[in-house]
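Please read the structure below before turning to the comments.
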Amino acid sequence: MPNVKSAEKRMRTSAIRAERNRQFRSKLRTALKKVRTADSAEAAAPAFREASSLLDRAARKRILHPNQAARAKSRLSARIAALG
């Protein structure tokens, strides 16, 4: 346990942020899975828009590295293009 009051607060805030990031990451992974499991390009398009938005937000908040988000978007769009 921390001995300094500011360190106690830092523990509390980091725990809150870690939980928030965990929830966001789970939401992001679900959105990515919806795109990957889509059976047609028409079904994948709205799922891709949602996933793309979440990837951009994750990169902006540094939950993901921006290059990783860009790579994921590129791979998803290539997968959609291959569908139809």
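Scanning the range 1-27 for residues that are within 30 Å of residue 84 (Cβ to Cβ) and touching a helix residue (DSSP H, G or I) at 6+ places or on another chain (Cβ under 7 Å) turns up just one, 27.
Annotation: of all residues in the range 35-84 being of a type in the set (D, E, K, R) and within 30 Å of residue 14 (Cα to Cα), the one that is surrounded by the fewest Cβ atoms within 10 Å (Cβ to Cβ) is 62. Across the range 28-81, the number of residues qualifying as part of a helix (DSSP H, G or I), more than 20 Å from residue 17 (Cα to Cα), touching a helix residue (DSSP H, G or I) at 6+ places or on another chain (Cβ under 8 Å) and not hydrophobic (A, V, I, L, M, F, W, C) comes to 8.
The numbers here are math on the coordinates, done by the rules we state, and not lab data. For clarity, every value in this text was computed on a predicted model and none was experimentally measured. Glycine also receives a Cβ, built like all others from the backbone with ideal geometry; neighbour counts cover every protein chain displayed.
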